[in-house]
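Here is the structure we will look at, set down as structure tokens.
The values are calculated or read from the model by the stated rules, or taken from the named source; none is laboratory data. In this text, all values refer to a predicted model and were calculated from it rather than measured experimentally. Here the Cβ is made from the backbone with ideal geometry for all residues, glycine too, and neighbour counts use every protein chain on show.
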Amino acid sequence: MAAENRKTTSAGARLQSSERLKEVMAAHFAAILEAQRAKTAPVAWCTSVGPVELLRALGFEVYFPENHGAMLGASRIANEVMSQAHARGYSPEICSYLTSDIGAHLAGKTPLAKYGFTDVPKADVLLFNTNQCREVRDWFEFYGREWNVPVVGVTSFRGLDEVAAHHVDAVVRQLEALIPTLESVAATKLSAGRLEAAVRLSKECSDLWRDCLHTAATRPAAITFFDSTIQMGPAVVLRGTAAACDYYRVLKEELEARVAAHRGAVDAEAFRLYWDGMPVWGKLRELATLFASLRVSVVASTYCNSWVFDALDPNAPLASMARASLELFIARAERPKQRYLERMAQEFQVDGFVFHDARTCPHNSNTRFGMPQRLAAATRLPVLTLDGDLNDLRCYSEEQARTNIEGFVEQLEDRGPL
Amino acid sequence: MTAGRAPYFVGVDSGSWNTKAALIDAEAAVLATTVSRTGADLMGAATKAVAAVLGAAGLARPEVAALWATGFGRHALTFADHSRTELDAHARGVLHFAAGPLTVIDIGGQDAKIIQIDHEGRRLGHKMNRKCAAGTGSFLEEMALRLDLEIGALAANAAQFQEEIELGSFCTVFTGTEVLGLIRQGKRPADLARASYRSVVKRVLEMDRVAGKVVATGGVVAHHPMVVELLGAALQTEVVVPPYAQEMGALGVALSARAASLAASAAALP
């Protein structure tokens, strides 16, 4: 790769691959739009860590509404529209991805307009996995009723200490039970070879994405959490396709070039932090800029690593898909979660943890059962909790967050007595 | 006549309700402090506060070696040489009067903070209240309004309490409604004023574990001694209120300015 054009923004050094990323994401949405308009392929909705490989193998164009939720948050359309969902009985206390997405549908607004959509794409089938939360099912059932189409999925185990064979078997049976409905909608039979190919591509995507994230383990970190929340797009929406793998090979090359040249994402990196919890989508740029101005790299996160599926194995497609879905951080109990955070802290050489307590996402907020306190005691690293939300900015105070973050960094700076 | 010994340092705490300023000298002696309403003009309030402390000590602005800012408005004070958060400022200010390990409980107009400091004076961590007025001065203002009292009369009124009443709501607005219901039931304003203070203390102590020596600061602490009494009773320990409790952020950031100046001077030595 050519020497990096050291173009920086106040939020840190810009990745050249981002231009390619825009093209990849545009092509993804164009394919869905085309499938919807010309009926060239059936369209399925899938939860972000759902069994997408089944859909790929059956020839669906796959749409991920959580990606839309993030776009609604980042564009701040969420706060204009979620009240419409609240008025329909979807509480402000539940997932603000759900309320912003349904609110946007009711209001006839979408950030997908730039890709030619006037509404979210209509699904022929909606496929969920409750390994992350129950809300995804309720979310999909709204649209299932709206469009009178089937809503199917996996009702998963949650809070697992260890993933045992009987857990995996139970999920495999549920995956098998989905196949007739999906085949019926797709009007084709599932081919074992195509499923293996989809799982192989998902695993390859997962490995490449993990390698990209891992470039932040070196000092200075080549990529930050804030970059990764954007760069993870293909890992979410194109898992199981060659396009995702192609993109991550490009990104990996750029990041490895940064590592070789000792170039960090943040100028003069002084401290390294771990982020647990959801991004605050509507404040992503402000937070990236604030951390960069304080010479802090947020080097790793639970969130971005949630699209790393080590268990996937094309030689055992359904069983490995089941295991991968159960081994996810969000589906685990407190003890394995803590072990994971401790391991990540060591691997990424962090100086402290930031926990985001997202008001409407208890499943991705690991602050509510004493984890920060236990982790601080176990690692002897300082911990900061930020109150906020993924999309509902009414739950976020800019000044509170700023003072909390600046005060935390001052604490890291003043490791000696005041 | 000028008191103290040059160089002089000024700290300004641009708070949500009040702007505080503190002037110290080379020996960290406090020469003057001031507290005034912030209002909508942060720069104007800070400028007046600085003028007030300089005027009290007979000094002019050019005689000040460094002026640092803290508080929610710290980034708006463009004339400041540097800024630190109020977390740092309160910790540093308290350590001027007491040695760690200790816990600082700061209760201001819009926020409350708990800051843990170790035996070497290192800040170990902090908690701030959520985006909610419960447990802050704003809550007491709201309760005074409900009880038809001036905020300045709330403490004296509460001192006349006869019955302990528990206010159960988390939210300031809901608590206001709860208080109206209790008034309808014939509860006495003095008892409800006391209950308001109990509510503030309860909300603050929910934020973090507090053990060992406790030092309380902030405008609520300075002007509402019942909060200190109730904190002590709840924690079963003496709660120390240092001098300049309300101006502690301003004093702390002035001390930071002085420490930075000393460090720079030491670094410049051959």
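Which numbered condition trips up A:Asp313, out of (1) of a type in the set (Asp, Glu); (2) free of Cβ contacts under 8 Å to residues at least 40 places away in the same chain; (3) more than 29 Å from A:Val266 (Cα to Cα)?
(2)
Among the residues of region A:97-115, is there at least one that is part of a loop (DSSP other than H, G, I, E, B) and buried (at least 24 other Cβ atoms within 10 Å of the Cβ)?
Taking region A:97-115 and keeping what is part of a loop (DSSP other than H, G, I, E, B), we get A:108-110.
Checking which are buried (at least 24 other Cβ atoms within 10 Å of the Cβ) leaves us with none.
No, region A:97-115 contains no residue that is part of a loop (DSSP other than H, G, I, E, B) and buried (at least 24 other Cβ atoms within 10 Å of the Cβ).
State yes or no: is B:Ala45 more than 12 Å from chain A (Cβ to nearest Cβ) and aliphatic (A, V, I, L, M)?
Details: more than 12 Å from chain A (Cβ to nearest Cβ): yes; aliphatic (A, V, I, L, M): yes.
Yes, satisfied.
Looking at this structure, is A:Ala31 at pLDDT 95 or above, farther than 19 Å from A:Ala197 by Cα and touching a strand residue (DSSP E or B) at 6+ places or on another chain (Cβ under 6 Å)? It would help to see each step written out before you state the result.
Details: at pLDDT 95 or above: yes; farther than 19 Å from A:Ala197 by Cα: yes; touching a strand residue (DSSP E or B) at 6+ places or on another chain (Cβ under 6 Å): yes.
Yes: the conditions hold for A:Ala31.
For region B:82-104, how many residues are crowded, with 16+ Cβ neighbours inside 10 Å and touching a Phe, Trp or Tyr at 6+ places or on another chain (Cβ under 7 Å)?
Of the residues in that region, 2 qualify.
Please go through (1) crowded, with 21+ Cβ neighbours inside 10 Å; (2) closer than 27 Å to A:Ala235 by Cβ; (3) not aromatic (Phe, Trp, Tyr) for A:Glu406 and return the number of the only condition it doesn't satisfy.
Of the numbered conditions (1) crowded, with 21+ Cβ neighbours inside 10 Å; (2) closer than 27 Å to A:Ala235 by Cβ; (3) not aromatic (Phe, Trp, Tyr), the odd one out for A:Glu406 is (2).
Collect the residues in region B:197-223 that are without any contact (Cβ under 8 Å) to a residue 40 or more places away in the chain and more than 26 Å from A:Arg374 (Cα to Cα), keeping them in residue-number order.
B:Arg198, B:Ala222
Quick one: is B:Ala66 more than 14 Å from chain A (Cβ to nearest Cβ) and part of a helix (DSSP H, G or I)? Spell out the reasoning first.
Values: more than 14 Å from chain A (Cβ to nearest Cβ): yes; part of a helix (DSSP H, G or I): no.
No; evaluated as a whole, the condition is false for this residue.
Of all residues in region B:224-252, which are in contact (Cβ under 8 Å) with a residue 40 or more places away in the chain, assigned to a helix (DSSP H, G or I) and crowded, with 20+ Cβ neighbours inside 10 Å? Steps first, answer last, please.
Narrowing region B:224-252 to residues in contact (Cβ under 8 Å) with a residue 40 or more places away in the chain: B:224-227, B:231, B:239-240, B:242-244, B:246-252.
After this cut, where a residue has to be assigned to a helix (DSSP H, G or I) as well, the list is B:225-227, B:231, B:248-252.
If the condition is that a residue be in contact (Cβ under 8 Å) with a residue 40 or more places away in the chain, assigned to a helix (DSSP H, G or I) and crowded, with 20+ Cβ neighbours inside 10 Å, then B:Met226, B:Val227, B:Leu231, B:Met248, B:Gly249, B:Ala250, B:Leu251, B:Gly252 are the ones that fit.
Among the residues in region A:373-384, are any facing chain B (nearest Cβ under 9 Å), part of a strand (DSSP E or B) and either free of Cβ contacts under 8 Å to residues at least 40 places away in the same chain or under 30 Å from A:Asp101 (Cβ atoms) (or both)?
Of all residues in region A:373-384, those facing chain B (nearest Cβ under 9 Å) come to A:373, A:376, A:382-384.
Applying the additional criterion that residues be part of a strand (DSSP E or B) yields A:383-384.
So of that shortlist, the ones also either free of Cβ contacts under 8 Å to residues at least 40 places away in the same chain or under 30 Å from A:Asp101 (Cβ atoms) (or both) come out as A:383-384.
Yes, some residue in region A:373-384 is facing chain B (nearest Cβ under 9 Å), part of a strand (DSSP E or B) and either free of Cβ contacts under 8 Å to residues at least 40 places away in the same chain or under 30 Å from A:Asp101 (Cβ atoms) (or both).
Take the residues in region A:385-418 that are assigned to a loop (DSSP other than H, G, I, E, B) and under 29 Å from A:Asn67 (Cα atoms); name whichever of them is nearest to the other protein chains (Cβ to nearest Cβ).
First, the residues of region A:385-418 that are assigned to a loop (DSSP other than H, G, I, E, B): A:389-392, A:396-397, A:414-418.
Now drop any that are not under 29 Å from A:Asn67 (Cα atoms), which leaves A:389-392, A:396-397.
Numbers: A:Asp389: 11, A:Leu390: 16, A:Asn391: 16, A:Asp392: 12, A:Tyr396: 7, A:Ser397: 4 Å.
Going through the qualifying residues, I end up with A:Ser397.
Can you find a residue that is within 17 Å of the chain's Cα centre (by Cα) and acidic (Asp, Glu) anywhere in region B:97-113?
Checked region B:97-113: at least one residue is within 17 Å of the chain's Cα centre (by Cα) and acidic (Asp, Glu).
Tally up the residues in region A:265-308 that are of a type in the set (Lys, Arg), under 22 Å from A:Gln16 (Cα atoms) and not in a helix (DSSP H, G or I), please.
Residues of region A:265-308 that are of a type in the set (Lys, Arg), as a first pass: A:272, A:283, A:285, A:295.
Now drop any that are not under 22 Å from A:Gln16 (Cα atoms), which leaves A:285, A:295.
Then drop every residue that is not not in a helix (DSSP H, G or I), which leaves A:295.
Matching residues across region A:265-308 total 1.
Does at least one position in region A:346-355 carry a residue that is away from chain B (no Cβ under 11 Å), more than 23 Å from the chain's Cα centre (by Cα) and within 28 Å of B:Ser83 (Cβ to Cβ)?
yes
Taking region B:1-41, which residues are in a loop (DSSP other than H, G, I, E, B) and closer than 30 Å to B:Ala133 by Cα?
Of everything in region B:1-41, those that are in a loop (DSSP other than H, G, I, E, B) and closer than 30 Å to B:Ala133 by Cα turn out to be B:Gly15, B:Ser16, B:Trp17, B:Thr38, B:Gly39, B:Ala40, B:Asp41.
On the basis of being more than 14 Å from every other protein chain (Cβ to nearest Cβ), part of a loop (DSSP other than H, G, I, E, B), more than 19 Å from A:Asp414 (Cβ to Cβ) and in contact with a helix residue (DSSP H, G or I) (Cβ under 9 Å, 6 or more places away or on another chain), does B:Leu54 make the cut? Talk me through it step by step, then tell me what you get.
Values: more than 14 Å from every other protein chain (Cβ to nearest Cβ): yes; part of a loop (DSSP other than H, G, I, E, B): no; more than 19 Å from A:Asp414 (Cβ to Cβ): yes; in contact with a helix residue (DSSP H, G or I) (Cβ under 9 Å, 6 or more places away or on another chain): yes.
No: the conditions fail for B:Leu54.
Of all residues being away from chain A (no Cβ under 14 Å) and touching a residue at least 60 places away in the same chain (Cβ under 8 Å) in region B:69-100, which is nearest to B:Ser261 (Cα to Cα)? Just the residue, please.
As a first pass, look at region B:69-100 and keep what is away from chain A (no Cβ under 14 Å): B:77-81.
Still in the list and also touching a residue at least 60 places away in the same chain (Cβ under 8 Å): B:77, B:80-81.
Details: B:Leu77: 20, B:Ala80: 14, B:Asp81: 12 Å.
Top of the filtered list is B:Asp81.
When you scan region A:20-92 for helices (runs of 4 or more DSSP H) that lie fully inside it, which ones turn up with 3 or more residues that are closer than 27 Å to A:Ala324 by Cα, within 23 Å of the chain's Cα centre (by Cα) and touching a residue at least 24 places away in the same chain (Cβ under 8 Å)?
Numbers: elements: A:52-57, A:65-74, A:78-87.
Because the criterion is at least 3 residues that are closer than 27 Å to A:Ala324 by Cα, within 23 Å of the chain's Cα centre (by Cα) and touching a residue at least 24 places away in the same chain (Cβ under 8 Å), the helices (runs of 4 or more DSSP H) in region A:20-92 that meet it are A:52-57, A:65-74.
Which of the following residues is touching a strand residue (DSSP E or B) at 6+ places or on another chain (Cβ under 8 Å) and either buried (at least 18 other Cβ atoms within 10 Å of the Cβ) or outside any strand (DSSP E or B) (or both): A:Ala311, A:Ala319, A:Ala345? Let's see the steps before the verdict.
On the way: A:Ala311 fails: touching a strand residue (DSSP E or B) at 6+ places or on another chain (Cβ under 8 Å); A:Ala319 fails: touching a strand residue (DSSP E or B) at 6+ places or on another chain (Cβ under 8 Å).
Of A:Ala311, A:Ala319, A:Ala345, the one residue that is touching a strand residue (DSSP E or B) at 6+ places or on another chain (Cβ under 8 Å) and either buried (at least 18 other Cβ atoms within 10 Å of the Cβ) or outside any strand (DSSP E or B) (or both) is A:Ala345.
Take the residues in region B:238-270 that are within 20 Å of the chain's Cα centre (by Cα) and polar (S, T, N, Q); name whichever of them is farthest from B:Gly121 (Cα to Cα).
Narrowing region B:238-270 to residues within 20 Å of the chain's Cα centre (by Cα): B:238-257.
Narrowing the set further to residues that are polar (S, T, N, Q) leaves B:246, B:256.
On the way: B:Gln246: 21, B:Ser256: 14 Å.
Out of the qualifying residues, it is B:Gln246.
Please go through region A:148-183 and pick out each residue that is exposed (fewer than 14 other Cβ atoms within 10 Å of the Cβ) and either over 17 Å from A:Gln132 (Cβ atoms) or over 25 Å from the mean Cα position of the chain (by Cα) (or both).
A:Asn148, A:Asp161, A:Glu162, A:Ala164, A:Ala165, A:His166, A:Asp169, A:Arg173, A:Glu176, A:Ala177, A:Pro180
Can you tell me how many residues within region A:282-323 are under 18 Å from the mean Cα position of the chain (by Cα) and within 16 Å of A:Ser228 (Cα to Cα)?
The qualifying residues number 17.
Could you pull out the residue among A:Val199, A:Val259, A:Val236 that is over 18 Å from A:Ala300 (Cβ atoms), modelled with pLDDT of 95 or more and β-branched (Val, Ile, Thr)?
Numbers: A:Val259 fails: over 18 Å from A:Ala300 (Cβ atoms); A:Val236 fails: over 18 Å from A:Ala300 (Cβ atoms).
Exactly one residue qualifies, and that residue is A:Val199.
Can you pull out the residues in region B:171-214 that are among the aromatic types (Phe, Trp, Tyr) and either within 22 Å of the chain's Cα centre (by Cα) or not assigned by TED's automatic domain parsing to the domain that holds B:Thr136 (or both)? Full working, then the answer.
Within region B:171-214, the first condition is being among the aromatic types (Phe, Trp, Tyr), and the residues that meet it are B:174, B:197.
The one that is among the aromatic types (Phe, Trp, Tyr) and either within 22 Å of the chain's Cα centre (by Cα) or not assigned by TED's automatic domain parsing to the domain that holds B:Thr136 (or both): B:Tyr197.
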